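Here the structure is laid out as C-alpha coordinates; the discussion comes afterwards.
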Amino acid sequence: MVQDAAFAEDISQEVFVTVFKSVAGFSGKSSLSTWIYRITVNKCIDHLRSRKRQNNVSFFSSFRQREGAETWPDTQADFEHPGVVAERKEMAGILFRALDTLPENQKAVFVLSQIEELPQREIAEILNVSVKAMESLLQRAKANLRVKLAPVYERRKQDKHTSNNE
Amino acid sequence: MLILKGIMKQEQWIEEVMNSAAGARRAEPPANFTEAFMLRINGMPEKQATIIPLKWAVAAAIVMVTLNVAVLTAYSTNAMHGGNSPHVTTANTDDYNTEVVYKY
(Lines give C-alpha, C1' and ligand atoms only; values in the text may rest on other atoms or scores of the structure.)
Protein backbone atom coordinates (compact mmCIF):
# COMPACT_ATOMS: atom_id res chain seq x y z
CA MET A 1 0.00 0.00 0.00
CA VAL A 2 2.78 2.47 0.82
CA GLN A 3 4.84 1.41 -2.22
CA ASP A 4 8.16 1.86 -0.50
CA ALA A 5 10.06 -1.14 0.86
CA ALA A 6 11.74 0.81 3.68
CA PHE A 7 8.49 2.40 4.85
CA ALA A 8 6.70 -0.95 4.55
CA GLU A 9 9.31 -2.54 6.83
CA ASP A 10 9.00 0.31 9.33
CA ILE A 11 5.22 0.02 9.33
CA SER A 12 5.26 -3.75 9.75
CA GLN A 13 7.59 -3.39 12.73
CA GLU A 14 5.31 -0.74 14.20
CA VAL A 15 2.38 -3.09 13.70
CA PHE A 16 4.20 -5.89 15.53
CA VAL A 17 5.00 -3.53 18.39
CA THR A 18 1.38 -2.32 18.56
CA VAL A 19 0.10 -5.90 18.53
CA PHE A 20 2.61 -6.86 21.21
CA LYS A 21 1.56 -3.94 23.41
CA SER A 22 -2.20 -4.10 22.97
CA VAL A 23 -2.94 -7.78 22.48
CA ALA A 24 -4.29 -7.87 26.04
CA GLY A 25 -6.99 -5.43 25.01
CA PHE A 26 -8.02 -7.53 22.00
CA SER A 27 -11.71 -8.23 22.57
CA GLY A 28 -11.97 -11.20 20.22
CA LYS A 29 -14.99 -9.77 18.37
CA SER A 30 -13.17 -10.34 15.10
CA SER A 31 -10.48 -12.87 14.25
CA LEU A 32 -6.90 -12.09 15.25
CA SER A 33 -5.79 -11.76 11.61
CA THR A 34 -8.59 -9.25 10.90
CA TRP A 35 -7.52 -7.25 13.96
CA ILE A 36 -3.89 -7.23 12.81
CA TYR A 37 -4.96 -6.28 9.27
CA ARG A 38 -6.98 -3.37 10.73
CA ILE A 39 -3.96 -2.09 12.65
CA THR A 40 -1.80 -2.43 9.53
CA VAL A 41 -4.26 -0.68 7.21
CA ASN A 42 -4.74 2.17 9.70
CA LYS A 43 -0.98 2.63 10.01
CA CYS A 44 -0.61 2.60 6.21
CA ILE A 45 -3.39 5.16 5.79
CA ASP A 46 -1.80 7.38 8.47
CA HIS A 47 1.50 7.12 6.65
CA LEU A 48 -0.07 7.93 3.26
CA ARG A 49 -1.84 10.95 4.73
CA SER A 50 1.33 12.30 6.30
CA ARG A 51 3.18 11.74 3.02
CA LYS A 52 0.44 13.60 1.17
CA ARG A 53 0.75 16.54 3.59
CA GLN A 54 4.51 16.61 3.04
CA ASN A 55 3.99 16.47 -0.72
CA ASN A 56 1.55 19.37 -0.55
CA VAL A 57 4.15 21.47 1.23
CA SER A 58 6.90 20.49 -1.18
CA PHE A 59 4.51 21.09 -4.09
CA PHE A 60 4.39 24.80 -3.30
CA SER A 61 8.11 25.04 -2.73
CA SER A 62 8.96 23.25 -5.96
CA PHE A 63 6.13 24.67 -8.03
CA ARG A 64 8.47 26.24 -10.53
CA GLN A 65 10.47 23.06 -10.92
CA ARG A 66 7.33 21.11 -11.76
CA GLU A 67 6.29 23.44 -14.53
CA GLY A 68 6.52 21.61 -17.81
CA ALA A 69 7.03 18.28 -16.12
CA GLU A 70 5.05 15.42 -17.56
CA THR A 71 1.99 14.29 -15.69
CA TRP A 72 1.34 10.82 -14.31
CA PRO A 73 2.66 8.15 -14.71
CA ASP A 74 6.14 9.51 -15.41
CA THR A 75 6.34 11.65 -12.28
CA GLN A 76 5.72 8.70 -9.93
CA ALA A 77 8.53 6.76 -8.32
CA ASP A 78 9.13 3.24 -9.54
CA PHE A 79 8.06 0.46 -7.24
CA GLU A 80 8.46 -3.26 -7.65
CA HIS A 81 6.35 -5.53 -5.52
CA PRO A 82 8.46 -8.55 -4.54
CA GLY A 83 5.50 -10.91 -4.92
CA VAL A 84 4.73 -10.10 -8.55
CA VAL A 85 5.84 -12.71 -11.05
CA ALA A 86 8.54 -11.61 -13.50
CA GLU A 87 6.38 -11.59 -16.64
CA ARG A 88 3.83 -9.29 -15.02
CA LYS A 89 6.30 -6.85 -13.46
CA GLU A 90 5.85 -4.14 -16.09
CA MET A 91 2.07 -4.24 -15.91
CA ALA A 92 2.16 -4.35 -12.12
CA GLY A 93 4.41 -1.26 -12.18
CA ILE A 94 1.77 0.61 -14.18
CA LEU A 95 -0.94 -0.62 -11.81
CA PHE A 96 0.94 0.50 -8.69
CA ARG A 97 1.55 3.93 -10.19
CA ALA A 98 -2.15 4.27 -10.93
CA LEU A 99 -3.04 2.95 -7.47
CA ASP A 100 -0.87 5.59 -5.88
CA THR A 101 -3.17 8.30 -7.25
CA LEU A 102 -6.35 6.85 -5.71
CA PRO A 103 -7.85 8.05 -2.41
CA GLU A 104 -6.55 6.02 0.57
CA ASN A 105 -9.76 4.10 1.28
CA GLN A 106 -10.19 3.04 -2.36
CA LYS A 107 -6.56 2.04 -2.49
CA ALA A 108 -6.93 -0.02 0.70
CA VAL A 109 -10.00 -1.82 -0.62
CA PHE A 110 -8.32 -2.62 -3.93
CA VAL A 111 -5.13 -3.89 -2.27
CA LEU A 112 -7.04 -6.04 0.24
CA SER A 113 -9.34 -7.43 -2.43
CA GLN A 114 -7.06 -7.90 -5.46
CA ILE A 115 -3.62 -8.37 -3.94
CA GLU A 116 -4.34 -9.83 -0.52
CA GLU A 117 -7.31 -11.71 -2.00
CA LEU A 118 -9.35 -11.43 1.21
CA PRO A 119 -13.08 -12.20 1.28
CA GLN A 120 -15.36 -9.16 1.06
CA ARG A 121 -16.78 -9.68 4.53
CA GLU A 122 -13.32 -9.61 6.10
CA ILE A 123 -12.35 -6.48 4.15
CA ALA A 124 -15.51 -4.78 5.41
CA GLU A 125 -14.58 -5.77 8.97
CA ILE A 126 -11.03 -4.51 8.57
CA LEU A 127 -12.19 -1.14 7.26
CA ASN A 128 -15.07 -0.99 9.71
CA VAL A 129 -17.66 -0.44 6.98
CA SER A 130 -20.65 -2.44 5.74
CA VAL A 131 -20.18 -5.01 2.97
CA LYS A 132 -22.25 -2.82 0.63
CA ALA A 133 -20.10 0.23 1.35
CA MET A 134 -17.01 -1.88 0.74
CA GLU A 135 -18.38 -3.13 -2.60
CA SER A 136 -19.17 0.42 -3.63
CA LEU A 137 -15.62 1.51 -2.70
CA LEU A 138 -14.16 -1.33 -4.75
CA GLN A 139 -16.33 -0.43 -7.75
CA ARG A 140 -15.24 3.20 -7.50
CA ALA A 141 -11.60 2.16 -7.20
CA LYS A 142 -11.88 -0.01 -10.32
CA ALA A 143 -13.72 2.69 -12.25
CA ASN A 144 -11.08 5.26 -11.29
CA LEU A 145 -8.31 2.88 -12.29
CA ARG A 146 -9.94 2.31 -15.69
CA VAL A 147 -10.08 6.07 -16.26
CA LYS A 148 -6.42 6.43 -15.29
CA LEU A 149 -5.21 3.44 -17.29
CA ALA A 150 -6.99 4.24 -20.57
CA PRO A 151 -4.64 7.12 -21.55
CA VAL A 152 -1.63 4.95 -20.65
CA TYR A 153 -2.84 2.31 -23.11
CA GLU A 154 -3.30 4.95 -25.81
CA ARG A 155 0.16 6.37 -25.20
CA ARG A 156 1.77 2.95 -25.30
CA LYS A 157 -0.06 2.21 -28.53
CA GLN A 158 1.19 5.46 -30.04
CA ASP A 159 4.76 4.75 -28.85
CA LYS A 160 4.59 1.29 -30.39
CA HIS A 161 3.27 2.75 -33.64
CA THR A 162 6.05 5.35 -33.73
CA SER A 163 8.79 2.82 -33.06
CA ASN A 164 7.37 0.53 -35.78
CA ASN A 165 7.45 3.41 -38.30
CA GLU A 166 11.06 4.19 -37.43
CA MET B 1 -15.99 -2.80 -36.24
CA LEU B 2 -12.36 -1.73 -36.06
CA ILE B 3 -13.16 0.80 -33.33
CA LEU B 4 -15.04 -1.86 -31.36
CA LYS B 5 -12.06 -4.21 -31.70
CA GLY B 6 -9.77 -1.42 -30.47
CA ILE B 7 -11.98 -0.74 -27.45
CA MET B 8 -12.10 -4.45 -26.64
CA LYS B 9 -8.32 -4.66 -26.85
CA GLN B 10 -8.01 -1.67 -24.53
CA GLU B 11 -10.48 -3.18 -22.05
CA GLN B 12 -8.57 -6.46 -22.14
CA TRP B 13 -5.27 -4.67 -21.49
CA ILE B 14 -6.76 -2.70 -18.59
CA GLU B 15 -8.15 -5.90 -17.06
CA GLU B 16 -4.75 -7.55 -17.43
CA VAL B 17 -3.07 -4.60 -15.70
CA MET B 18 -5.62 -4.62 -12.89
CA ASN B 19 -5.05 -8.34 -12.31
CA SER B 20 -1.27 -8.15 -12.69
CA ALA B 21 -0.62 -8.01 -8.95
CA ALA B 22 -3.05 -10.76 -8.03
CA GLY B 23 -1.48 -13.21 -5.63
CA ALA B 24 1.42 -10.88 -4.81
CA ARG B 25 0.64 -11.43 -1.11
CA ARG B 26 2.69 -14.60 -1.23
CA ALA B 27 5.90 -12.53 -1.24
CA GLU B 28 8.42 -13.51 1.41
CA PRO B 29 9.73 -10.78 3.72
CA PRO B 30 13.40 -9.82 3.28
CA ALA B 31 15.95 -12.05 5.02
CA ASN B 32 17.00 -9.45 7.59
CA PHE B 33 13.42 -8.51 8.52
CA THR B 34 13.18 -10.65 11.67
CA GLU B 35 16.63 -9.51 12.78
CA ALA B 36 15.70 -5.82 12.32
CA PHE B 37 12.47 -6.36 14.21
CA MET B 38 14.21 -8.06 17.14
CA LEU B 39 16.75 -5.23 17.25
CA ARG B 40 13.94 -2.72 17.43
CA ILE B 41 12.09 -4.62 20.14
CA ASN B 42 15.25 -5.01 22.22
CA GLY B 43 16.17 -1.36 21.74
CA MET B 44 12.89 -0.15 23.18
CA PRO B 45 13.26 1.51 26.59
CA GLU B 46 11.73 -0.72 29.22
CA LYS B 47 8.97 0.77 31.30
CA GLN B 48 9.78 0.44 34.98
CA ALA B 49 7.10 0.79 37.57
CA THR B 50 8.09 3.54 39.97
CA ILE B 51 7.90 2.19 43.50
CA ILE B 52 7.92 4.86 46.18
CA PRO B 53 10.08 3.81 49.15
CA LEU B 54 8.08 3.11 52.32
CA LYS B 55 9.79 5.78 54.44
CA TRP B 56 8.98 8.45 51.83
CA ALA B 57 5.37 7.32 51.71
CA VAL B 58 5.12 7.52 55.55
CA ALA B 59 6.76 10.97 55.54
CA ALA B 60 4.32 12.22 52.89
CA ALA B 61 1.38 10.86 54.92
CA ILE B 62 2.62 12.60 58.10
CA VAL B 63 2.98 15.90 56.22
CA MET B 64 -0.53 15.60 54.78
CA VAL B 65 -2.07 14.82 58.20
CA THR B 66 -0.15 17.68 59.84
CA LEU B 67 -1.33 20.11 57.18
CA ASN B 68 -4.92 18.96 57.58
CA VAL B 69 -4.77 19.34 61.36
CA ALA B 70 -3.16 22.77 61.03
CA VAL B 71 -5.83 24.00 58.65
CA LEU B 72 -8.67 22.70 60.84
CA THR B 73 -7.12 24.23 63.97
CA ALA B 74 -6.61 27.59 62.32
CA TYR B 75 -10.16 27.54 60.98
CA SER B 76 -11.80 26.70 64.32
CA THR B 77 -9.65 29.27 66.21
CA ASN B 78 -10.67 31.92 63.73
CA ALA B 79 -14.35 30.97 64.14
CA MET B 80 -14.14 31.16 67.97
CA HIS B 81 -12.63 34.65 67.86
CA GLY B 82 -15.47 36.07 65.84
CA GLY B 83 -14.19 35.34 62.41
CA ASN B 84 -16.41 34.20 59.64
CA SER B 85 -18.03 31.08 60.89
CA PRO B 86 -18.85 28.37 58.47
CA HIS B 87 -22.24 29.15 57.06
CA VAL B 88 -24.15 26.18 55.81
CA THR B 89 -27.30 26.64 53.83
CA THR B 90 -29.79 23.90 53.83
CA ALA B 91 -31.42 23.52 50.51
CA ASN B 92 -35.17 23.30 50.31
CA THR B 93 -35.66 19.60 49.72
CA ASP B 94 -39.00 20.30 48.03
CA ASP B 95 -37.01 21.59 45.09
CA TYR B 96 -35.46 18.21 44.52
CA ASN B 97 -37.13 15.25 43.02
CA THR B 98 -35.91 12.48 45.26
CA GLU B 99 -37.85 9.75 43.53
CA VAL B 100 -35.80 7.85 40.99
CA VAL B 101 -37.62 6.02 38.25
CA TYR B 102 -35.63 3.31 36.53
CA LYS B 103 -36.53 2.39 33.02
CA TYR B 104 -35.56 -1.14 32.03
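The values are calculated or read from the model by the stated rules, or taken from the named source; none is laboratory data. This one's a predicted model, so the numbers in the text were calculated from it and none came from an experiment. In this analysis, Cβ positions are derived from the backbone assuming ideal geometry, glycine residues included, and neighbour counts consider all displayed protein chains. All accessible areas refer to the heavy atoms of the entire protein, side chains included, with ligands and DNA or RNA removed. Shrake-Rupley method; radii C 1.70, N 1.55, O 1.52, S 1.80 Å.
Using only Cα atoms, find the angle between the long axis of helix A:89-99 and the longest principal axis of chain A, and express it within 0 to 90 degrees, rounded to the nearest 10.
70 degrees
Taking a 31 Å limit on the Cα-Cα distance, which of the listed pairs A:Lys52/A:Lys89; A:Lys29/A:Lys89; A:Lys142/B:Lys5; A:Lys21/A:Lys142; A:Lys89/B:Lys5 fall beyond it?
On the way: A:Lys52/A:Lys89 26 Å; A:Lys29/A:Lys89 38 Å; A:Lys142/B:Lys5 22 Å; A:Lys21/A:Lys142 37 Å; A:Lys89/B:Lys5 26 Å.
Pairs exceeding 31 Å: A:Lys29/A:Lys89; A:Lys21/A:Lys142.
Mind giving me the FRET efficiency for A:Ala5 and B:Leu2? R0 is 41 Å, r the Cβ-Cβ distance, nearest 0.05 is fine.
Values: r = 44 Å, r/R0 = 1.07.
The value I calculate is 0.40.
Counting only protein heavy atoms, what percent of the accessible surface of the stretch A:5-165 is carbon or sulfur at a 1.4 Å probe?
On the way: 5140 of 9980 Å².
Carbon plus sulfur share of accessible area: 52 percent.
Would any residue of the stretch A:111-138 have its amide N under 12 Å from a label point 7 Å out along Cα→Cβ of A:Lys29? List them or say none.
A:125-126, A:128-129
What are the trypsin sites (Lys or Arg not before Pro) within the stretch B:1-72 that DSSP puts in a loop, where the Cβ has at most 16 other Cβ atoms within 10 Å?
Details: sites: B:Lys5, B:Lys9, B:Arg25, B:Arg26, B:Arg40, B:Lys47, B:Lys55; in loops: B:Lys47.
Passing both the DSSP loop test and the Cβ count: B:Lys47.
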